[in-house]
Structures are given as structure tokens and as C-alpha cells.
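The values are calculated or read from the model by the stated rules, or taken from the named source; none is laboratory data. What you are looking at is a predicted structure, and each value in this text was computed from that prediction instead of being measured. Cβ atoms come from the backbone with ideal geometry, glycine included; neighbour counts cover every protein chain shown. Ligands, DNA and RNA are stripped out before the accessible areas are found, and what is left, the full protein with its side chains, is counted by its heavy atoms. Shrake-Rupley method; radii C 1.70, N 1.55, O 1.52, S 1.80 Å.
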Amino acid sequence: MAIDKFAVEASHIMMFARSVGDENPIYHDADYAAGTEAGSIIAPPTFAQASAQFDPDYFLRPKTGKPWFGSGKEATGIKKEKKEGGSSGAAAGGLHAEQHFEYHRHLKPGDVLTGTTFPGKSWEKESKRAGKLKFSETVTEYRDQNGELVITARGVGVVTEKVIGT
Amino acid sequence: MTLKANDIKVGDTHSEVLVEDLKRTQIVQYAGASGDYNPVHTDEKFVTEVAGYPTVFAHGMLTMGMTGKLLTNYVGDGRLTKYGVRFVNQVWPGDTLTGTVEVAEIRDEDGQKLVDLTVTTVNQDGATVLSGNATARID
């Protein structure tokens, strides 16, 4: 995964804050934000995750003319032999197990970020509820238009052997 | 409003209801804003017939985002230096989530006062869905 040009925009921050139910004016009201310590609109703490919008190859976004695994006429747009006792988590690209952010500063409209992702550790664990769990870690460094490191993100994904239901 | 070292002590807690009766529409909103269109979060037909789950479920990052609001409400805007979580249980439509932040340590680093916090989000049955920690600059 590589993020070439993640332009941080005020309207995107507003929509993202709305989606997590945060109506704090620091995320949408420039006049209010100008009078705060931050001095301008800033992005909420998990906003860097929306970098997915700017990853041209992001596999969890439908692309015009390409097969998509979500439903249309059929329950999935991708024909695949179902493995015996196969993992459903794998069909969906696994589940998100952990996410960590380190903020060197907070993002604001006008920032243009690049993100570089490095593979981290991987490990396995047995779980009564979900069978064998395969964990893998990725680290993404977000740098701003001046090349300064602004956010370090560490994500851990897990692929489960069995479905985790209610 | 920002947090002051003199006003808090280790063991202090702050709780908020993060969402009541989570709607599928909010999950759709998060998919659109974040760019994570994994159909397990929004596509009932796919998630029940192909993926084998009972219904759609929230992005872990939606729960992390809602819990982030609890943190910034407590420490102030733009004050977090670290925020990390583990997704412990899935969050389903209809869930009501409550987050609690607890002061773990108040310390000084190169003349800057910092607070270390633990954060836990539970559902209406008291099951933990997210647990994590955060650090923030305080006055």
C-alpha cells in the first residue's frame, strides 16, 4: 500500500467527524476553530485511516469495470470454489485486530500527505472461539508536504479459521 | 477546554454513551467517509449468504472513532500524542456503546506534562468491545 497524495480537506474532515458521531465544531467550523489552541480546523484522531480513499489499489473499494465481491444479482460478484470449512474472514480480507496512532502533530485542511507502509511482525494464536488466528502487522508513516513525519500508524490484521458471530 | 494536571489524579474516570442503538445507516456513513467499503459492513446479502455472519457489523475503526470522541472530549482538542486500541468483540447494529477513560499516570517529559489513559468501550451487555490506551499533553 502506498499513498501518493492524500490531500486533507475540510469537507472530508466534516463528513468523517459526522460518521463517528462527533459534532465538535473544531471539525467543521473554521471561525470557531480559529479561536482555539489548534488555531484551525483539525482532523479527528482516527482520520488518517481515510487515507484508503487515496490508495489507488485499495482492495476494499469497488472499481469501475472490475469484479466486486459484494452482492448484486448474486450474493457475491466473484465466483470462487468454497473451501471445506474455509475461513469467512479470509473472504473479507480478514478482520482488524488492533490499531495504534502516534501523533507528531494533528492533521489540518491543506496538508498533503504521503503514506509509506512497511510490513511488521506476524504471529499465530489458537482461540477457542475462532480457531487458528493469523495476525500480521503493518506500519504506515504519514509525512506532510514538507517531508515531516506527522502520524505513525500501526495496524494489526487477523484472519480467523471460523466465523465470529454473536 | 484542556485538562490540567492539578485537576486530575490517578484512578479518575470519565464515561460517555458513544452511541445508542447503532444504526446500519451510520455504518454506511462511516464506510463512505473512511473509504472502507468492505461489504461485511453494509451488504446484508453478502455477509449472511457468503461470509456467514448473522448480519452486518461495524468497522472496528468506527468504534475507535467514536471512542476517540470520548478522549478528545476529556483531554481537549489536538492534545493526543498517542491512541491505540485492540478490537475485542464485534459491534452490531442495535448496540449501545459506553466508553470509559481512566487516568493511569500523570508524568512530566522534557518539561511537558502528560497523562496516560486507559480506555474501554463496552456494549449494552457489559461486554468489552474495545480496549486501549492513550497519551495526551496536559497543562
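Going residue by residue through segment B:12-25, is there one that turns out to be within 13 Å of another protein chain (Cβ to nearest Cβ), open to solvent by 20 Å² or more (accessible area, probe 1.4 Å) and free of Cβ contacts under 8 Å to residues at least 40 places away in the same chain? The answer is yes, given that some residue of segment B:12-25 is within 13 Å of another protein chain (Cβ to nearest Cβ), open to solvent by 20 Å² or more (accessible area, probe 1.4 Å) and free of Cβ contacts under 8 Å to residues at least 40 places away in the same chain.
Against the conditions (1) crowded, with 22+ Cβ neighbours inside 10 Å; (2) in a helix (DSSP H, G or I), B:N73 satisfies every one except (1). Would you say A:A33 is assigned to a helix (DSSP H, G or I) and either facing chain B (nearest Cβ under 7 Å) or closer than 20 Å to A:G94 by Cβ (or both)? So A:A33 does not fit the description; no. Against the conditions (1) modelled with pLDDT of 95 or more; (2) within 13 Å of chain B (Cβ to nearest Cβ); (3) more than 21 Å from A:A52 (Cβ to Cβ), A:E148 satisfies every one except (2).
When segment B:72-97 is examined, which residues are found to be at the interface with chain A (Cβ under 7 Å from one of its Cβ atoms) and either among the aliphatic types (A, V, I, L, M) or under 23 Å from B:Y37 (Cα atoms) (or both)? Passing the criteria: B:L80, B:G84, B:V85, B:R86, B:F87, B:Q90, B:W92. Among the residues making up segment B:30-68, those that are within 7 Å of chain A (Cβ to nearest Cβ), in a helix (DSSP H, G or I), out of contact with any helix residue (DSSP H, G or I) (no Cβ under 6 Å at 6 or more places or on another chain) and buried (at least 22 other Cβ atoms within 10 Å of the Cβ) are B:G60, B:M64, B:G65, B:M66, B:G68. Evaluation of A:D29 against the conditions (1) open to solvent by 40 Å² or more (accessible area, probe 1.4 Å); (2) modelled with pLDDT under 95; (3) not aliphatic (A, V, I, L, M) shows that the sole unmet condition is (2).
Taking the condition more than 10 Å from chain B (Cβ to nearest Cβ) and open to solvent by 70 Å² or more (accessible area, probe 1.4 Å), does A:E102 pass? Before the answer, list the steps.
Values: more than 10 Å from chain B (Cβ to nearest Cβ): no; open to solvent by 70 Å² or more (accessible area, probe 1.4 Å): yes.
The answer is no for A:E102.
In the set (1) away from every other protein chain (no Cβ under 13 Å); (2) closer than 26 Å to B:T25 by Cα; (3) surrounded by fewer than 19 Cβ atoms within 10 Å (Cβ to Cβ), the condition left unmet by B:T118 is number (2). Does A:I13 meet the test of being assigned to a helix (DSSP H, G or I), among the aliphatic types (A, V, I, L, M) and touching a residue at least 60 places away in the same chain (Cβ under 8 Å)? Yes, satisfied.
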